[in-house]
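None of the figures in this text is laboratory data; all of them are computed from the coordinates on show. Small disclaimer: the values here were computed from a predicted structure and weren't measured. Neighbour counts are summed over all protein chains in view; Cβ atoms, including those assigned to glycine, are modelled from backbone coordinates with ideal geometry.
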Amino acid sequence: MYIYDDYDQKIVDQRVVQFRDQTRRFLAGDLTEDEFRPLRLQNGLYIQRHAPMLRVAIPYGHLRSDQLRVLAGIARKYDRDYAHFTTRQNIQYNWPRLEDVPDILAELATVQMHAVQTSGNCVRNTTSDQFAGVAHDELIDPRPWCELIRQWSTFHPEFAHLPRKFKIAVSGSVEDRAATWVHDIGVHVVSNEAGETGFKVIVGGGLGRTPMVGAVIRDFLPKEHLLSYFDAILRVYNRYGRRDNKYKARIKILVKAMTPAAFAAKVEAEWAHLRDGPMTLTQAEIERVAAHFTAPSYQVLAGDDAGFLRLQADNPAFARWVKRNVFKHKRPGYAAVTLSLKPTGVPPGDASSAQLDSVADLADRYSFGEVRVSHEQNLILADVRQSDLAAVWEEARALGFATPNIGLLTDIICCPGGDFCSLANAKSIPIAEAIQRRFDDLDYLFDLGEIDINISGCMNACGHHHVGHIGILGVDKSGSEWYQVSLGGRQGHGASLGKVIGPSFAQDDMADVIGQIIEVFAANREGDERFLDVVDRLGIDPFKARIYQKERAHG
Amino acid sequence: MGKSPHLIRLDRASGRREIVANHWLRVAEASDDAVPPHTLLPLSEWLARRDELLERTDVGVWFKPDDEPESLGDDARRLSVIAVDFPAFTDGRGFSIGRLLRERYGYAGELRAVGDVFKDTMLYLRRCGFDAFEVRIDKDVEDAAKGLDDFDEFYQNGVDQPLPLFRRRSA
Ligand code: HEM
Ligand code: SF4
């Protein structure tokens, strides 16, 4: 993990002082609501349905156990004993008091954490693969690059007030687990034929009102140029992005209007002035940062652990958990474990302070004191010895984190929706729960295989509904809550947006509708075919026919 | 538009700042007559009368957020005052204008931020090359100047600190 030096610490400490002063001036009436809003948003502070909401940055989803304990302490002291992990790999508190936020920031700063740029029209927290550094299919570790981007973007003076928020995701593995194709900038760390490290750069993806998959504007950018090239992209966007209409202000609209080729040419022209300038990364800096992400002190293990293999053979429940929640590690004898934050009946991504403390303990005992957050809103212990998996499983079960549903239909991505969010058209959490309750048979869930359900309470798409295999979107029809369903979306390589199947449904019908979709899938599936493949093969018509026929039958 | 009493001027070398009277008049459009001394013209007007005004050191230019520094180009070197308007502090285009004037077109005179300028925008402005700040008339100017000191260290390069932290860190 990256460890702050005196410079990093001072920047975060001075931020606390600055925000304390801003909050004081707002409360004293020296800053108006309009002035304070952008300032507080750049510190992750929203004013929400019930209370302020504070979003704390977890850079590229990496946490240490001491940080997790402080997060738990904050939930206990300043909130209602729980917190919410988000699809941006961050954590949110739903009930802090505005007056307390400076103190919360001060506590965060003691463990090298902050809320800088977790909202607002600036460069947001950079996200990455939750298995970065340990994935068996990793080509190049993306984390040093994420950290370099974090530093570059922190209080970047030129890009402090962009036309709109700006999100960057980085991936370095064969499979893209960071949704790079639907970010403002997606980066793939790659190496060229000569073995040099560089980046493939994608721009103009994004969800929200006008969802789009990004376009590659550069196949190979040599590594030392990452930040100067970003400066060029952001400068073009800052100057030419639309500011007259907030729904057309994202970089995706600019890229589309200009065409990706013309946008790329504009960036190259700008970059011609910036390349080889002072922001050109030095080998010393790349090495300094990369040194924070070297492998922990792994034991040298020959191969798979015999006890682990035996238990898998003997205990079906354990085997099921391993199949879903354990991910193949690049080191022999190790594994990455996903702790599911999706048991039925708990809002997806929520964890209590006691649970956070327990995860910190698990991390200390089994995973070098580190934890990660996935954009699917789960937690990961990345470096567990296979010989410890049985113990981890037992403890995770006791904590309620061992639901063996990762990647399955009940591992739902879900925004806070109408229960918390003032922008919502509809609730999300009760829909997730109704679906989870409908599919409570683990064997059946297992048989269905991989299905992503993503739920957003409005067009803003915080729950990534466009890229869910099944997407659910809350819509408002004359003041009541309805839900639109789409099929066939996906993140990763070949990312695409789901197709809307037709008119929307009432809340009470949603579990049935999902049930019907699954019936059509099951009836048409060939062998072990995946849900997505069936949707691709059949198109959406058979699903439509079944659902709306039934609806009509009900009058 | 017109004069503002609240001009903070920053000496970029020493970091000293003082609150000074403003001698320049920013006009929305000029008449066809001769341009009086200490006038800040909109960029478009200046460009239209460039040949007539190029030798004048007592005429300056002001930019709107969508004005292009490219159209002034190296002529920037001849001017002694340029202002950039921030109609709303959340419109960050002026930051890019500042950097381009300083870093690409070699502008060395006074670079003034005008409009929605107050304590919380000062430091970003300074980092993008501004050295004069016309603080909003309803804001405490002494307090605003303190905004220049919110941070001592910056990760990226800027006009005020041309070396990013990573080039100084290792030193
Ligand atoms: C509760 C307070 C929240 C508010 C007010 C809020 C607001 C918004 C808005 C306005 C957008 C639209 C952006 C656009 O169209 O440009 C958006 C998108 C998004 N938000 Fe939220 N959000 C909230 C919570 C969350 C949470 C809890 C998550 C994670 C679980 C999240 C993750 C996202 C993501 C991933 C997007 C889509 C990004 C994209 O367009 O590419 N937000 N949010
Ligand atoms: S999708 Fe809409 S309802 Fe859900 S969190 Fe985002 S803004 Fe709120």
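Just the number, please: percent antiparallel of the DSSP beta bridges in chain A, rounded to the nearest 5. Don't skip to the answer; put the middle values down first.
Numbers: 52 of 65 bridges.
Of the beta bridges lying entirely in chain A, close to 80 percent run antiparallel.
Hey, got a sec? Which trypsin sites (Lys or Arg not before Pro) in segment A:193-225 land in a DSSP loop and have at most 16 other Cβ atoms within 10 Å? The qualifying sites are A:Arg209. Over segment A:341-395, the hull volume per residue, using the convex hull of the C-alpha atoms, is 87 Å³.
Mind jotting down a quarter of the surface of the convex hull over the alpha carbons of the protein assembly as shown, in square nanometres, one decimal? Intermediate values should be presented prior to the final figure.
Details: hull surface 134.4 nm².
Spelled out: convex hull of the Cα atoms, projected over all directions, averaged, 33.6 nm².
In straight-distance terms, cross-link reach from A:Lys328 covers every one of the lysines whose alpha-carbon lies under 24 Å from its own, apart from those fewer than eight places away in the same chain; here that gives A:Lys342. Available extension along the chain between B:Ala48 and B:Ser80 is 9.6 nm, counting 0.36 nm per residue and deducting the alpha carbon span. Note on segment A:472-555: Kirkwood hydrodynamic radius from all Cα pairs is 13.7 Å, rounded to one decimal. Under the simplified labelling scheme, the A:Asp447-B:Glu55 pair shows an inter-label distance of 9.3 nm, with each label point 7 Å from Cα along Cα→Cβ.
Multiplying the residue separation of A:Asp34 and A:Ala272 by 0.36 nm and subtracting their alpha-carbon distance yields 81.9 nm. When only Cα pairs below 8 angstrom with a gap of at least 6 residues are kept, segment A:6-109 shows a relative contact order of 31 percent. Normalised by the number of residues in chain A, the average gap of Cα pairs under 8 Å and 6 or more apart makes the relative contact order 12 percent. A prolate overall shape is assigned to segment A:127-292, the ratio a/c of its alpha-carbon gyration tensor axes (a ≥ b ≥ c) being 1.5 or greater and a/b exceeding b/c.
How large is the dipole of chain A about the Cα centre if only Lys and Arg carry +1 and Asp and Glu carry -1, each at its Cβ, rounded to the nearest 20 debye?
Values: 64 positive and 71 negative charges, 329 e Å.
The dipole of chain A has a size of about 1580 debye.
Rounded to two decimals, the Cα radius of gyration of segment A:413-554 over 2.2 N^0.38 Å is 0.99. Dividing the mean sequence gap of close Cα pairs (under 8 Å, 6+ apart) by how many residues segment A:413-554 holds gives a relative contact order of 19 percent.
Bridgeable lysines around A:Lys477 (alpha carbons under 16 Å apart, same-chain partners fewer than 8 residues away excluded): A:Lys427.
Suppose we look only past 19 Å in the calculated P(r) of segment A:6-109. What percent of the Cα-Cα pairs does that tail hold? If you can, show how the numbers build up before the last one.
Working: 2295 of 5356 pairs.
For segment A:6-109, the share of Cα pairs beyond 19 Å comes to 43 percent.
Note that segment A:306-399 carries a Kirkwood radius of 13.5 Å, evaluated over its alpha carbons pair by pair.
Applying a 4.7 Å Cβ-Cβ cutoff to chain A leaves A:Cys122, A:Cys146, A:Cys414, A:Cys421, A:Cys458 as cysteine residues with no disulfide-compatible partner.
Strictly over 23 Å apart at the Cα level, which of A:Lys252/B:Lys64; A:Lys167/A:Lys252; A:Lys165/A:Lys499; A:Lys165/A:Lys266; A:Lys167/A:Lys200 would you flag in this model? Intermediate values should be presented prior to the final figure.
Values: A:Lys252/B:Lys64 25 Å; A:Lys167/A:Lys252 11 Å; A:Lys165/A:Lys499 26 Å; A:Lys165/A:Lys266 21 Å; A:Lys167/A:Lys200 16 Å.
A:Lys252/B:Lys64; A:Lys165/A:Lys499, as the Cα separations exceed 23 Å there.
Amide hydrogen proximity for A:Leu408: with H placed 1.01 Å from N in the peptide plane, the residues at 5 or more positions away or on another chain lying under 5 Å are A:Ile451. Extension gain for the segment A:Asp361 to A:Asp512, taken as residue separation times 0.36 nm less the Cα-Cα distance, is 50.3 nm to one decimal. Using Cα centres only, tell me the gap between segment A:49-108 and segment B:88-129 in whole Å. Centre-to-centre distance over Cα atoms comes out at 34 Å. Placing pseudo-labels 7 Å out from each Cα toward the beta carbon at A:Asp536 and A:Val216 gives an inter-label distance of 1.8 nm. With N counted as the residues of chain B, its alpha-carbon radius of gyration over 2.2 N^0.38 Å works out to 1.03.
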